[in-house]
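The values are calculated or read from the model by the stated rules, or taken from the named source; none is laboratory data. All values derive from a computational prediction rather than experimental measurement. All Cβ positions, glycine included, derive from the backbone under ideal geometry; neighbour counts span all protein chains shown.
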Amino acid sequence: MPGGARVDWLNYHHLLYFWMVAREGGITRAAEQLHLAQPTLSSQIRKLEKALGTELFERAGRSLVLTETGQLVYRYADEIFTLGRELKDAVQGQPSPWTLRLTVGVPDVLPKLVVYRLLKPALEFGERVQLVSYEGKLDQLLSELAQHRLDVVLADAPLAAVSHVRAFNHLLGECSICVFGTPELAARYGPGFPGSLQAAPLLLPTQNTTLRRTLEQWFDETGIRPQVVHEFEDSALLKVFGQAGQGLFVAPAAITGEVCRQYGVQLVGSLDQVKERFYAISVERRLKHPAVVAIRRAARDDLFGVGGGTGKGRAGKP
């Protein structure tokens, strides 16, 4: 090298092994994917750690968890090997149709129609985006976010200050909650709403959801006591039972039109004092991923903004 400069080359085989272990969540599954013996793979990871001068994994019970430096290395490795695949495709005359990848965690309690409305702008903002969506419990998704396996997690509540995950809340917006029912139920319980909800058959989210706790607080404040006939953690299943006439059900005002069209139900009324909020949770204090920025902008300007469904509805069909 000119001037006797010394270059410390990174062993990309070792980096690939590290990336596979982090992505697969452990030595065993990564060794199977790479067709390597587990001791060999562990040895290669230790060599990478020695070359970088820091530990990349730490033990958490029987599992391997990325250290803070390991999270940083994983993020770079993911970009490196994604670019490598795109380079190979381009040289072979098969350029990748995608220019940007967005990996999202979606708690299973979130209404699927809201999730679609939130994510849709990311697919339309100018670049071709490949969306990868994982569904699960919020704690599990936040753990994946902390290990940089997700770009963002959508949620209906902010991350608690006492959480072990270091992440930041980005409010996307809020809207009122509306009550829906079949035409027969809407005709019966629409007049006199919301007092008509007294002893009315109601399908509710389960007790472990933010929306259920918010509704229970409103019931306590108003003294209105509906008859809770069924409870569901899955919001889509709840709506299917509502479509079948098993009871009235609630959904965010922002998706009133979609709910009525998809499930053949009518708007019974709006609970304007009951609000549901939606957040994007990321490890960045300031959102940088262009697709996530597009999601936040569209949510604030359209979905939850003026004309975006604030829940000022009346009984009957919207």
* Asked: Is one or more of the residues making up segment 204-223 more than 24 Å from the chain's Cα centre (by Cα), under 30 Å from Ala155 (Cβ atoms) and of a type in the set (A, V, I, L, M)?
  -> no
* Asked: Out of (1) more than 16 Å from the chain's Cα centre (by Cα); (2) under 21 Å from Val106 (Cβ atoms); (3) surrounded by fewer than 17 Cβ atoms within 10 Å (Cβ to Cβ), the odd one out for Gln273 is which?
  -> (2)
* Scan segment 225-234 and give yes if some residue there is at pLDDT 95 or above and assigned to a helix (DSSP H, G or I), otherwise no. => no
* To do: Pick out the one residue from Glu135, Glu174 that is more than 15 Å from the chain's Cα centre (by Cα), under 30 Å from Arg286 (Cβ atoms) and among the acidic types (Asp, Glu).
  => Glu174
* Check Thr222 against each of (1) among the hydroxyl-bearing types (Ser, Thr, Tyr); (2) without any contact (Cβ under 8 Å) to a residue 40 or more places away in the chain; (3) under 30 Å from Ala146 (Cα atoms) and name the one condition it does not meet. => (3)
* Asked: So is Glu86 under 30 Å from Cys260 (Cβ atoms) and surrounded by fewer than 16 Cβ atoms within 10 Å (Cβ to Cβ) or not?
  -> no
* Residue list for segment 22-56, filter: in contact with a Ser or Thr (Cβ under 8 Å, 6 or more places away or on another chain), assigned to a helix (DSSP H, G or I) and surrounded by fewer than 15 Cβ atoms within 10 Å (Cβ to Cβ) -> Gln38
* out of contact with any Ser or Thr (no Cβ under 7 Å at 6 or more places or on another chain) and part of a helix (DSSP H, G or I), is that true of Glu79? -> yes
* Asked: Can you tell me which residue in segment 273-318 is modelled with the lowest pLDDT, limited to those that are touching a Gly at 6+ places or on another chain (Cβ under 7 Å) and among the aliphatic types (A, V, I, L, M)?
  -> Ala315
* Asked: Which of the strands (runs of 3 or more DSSP E) contained wholly in segment 125-213 include at least 1 residues that are more than 19 Å from Glu231 (Cβ to Cβ)?
  -> 129-136, 152-155, 168-181
* Structure fact -> Residues of segment 144-171 being without any contact (Cβ under 8 Å) to a residue 40 or more places away in the chain and within 14 Å of the chain's Cα centre (by Cα), in sequence order, are Glu144
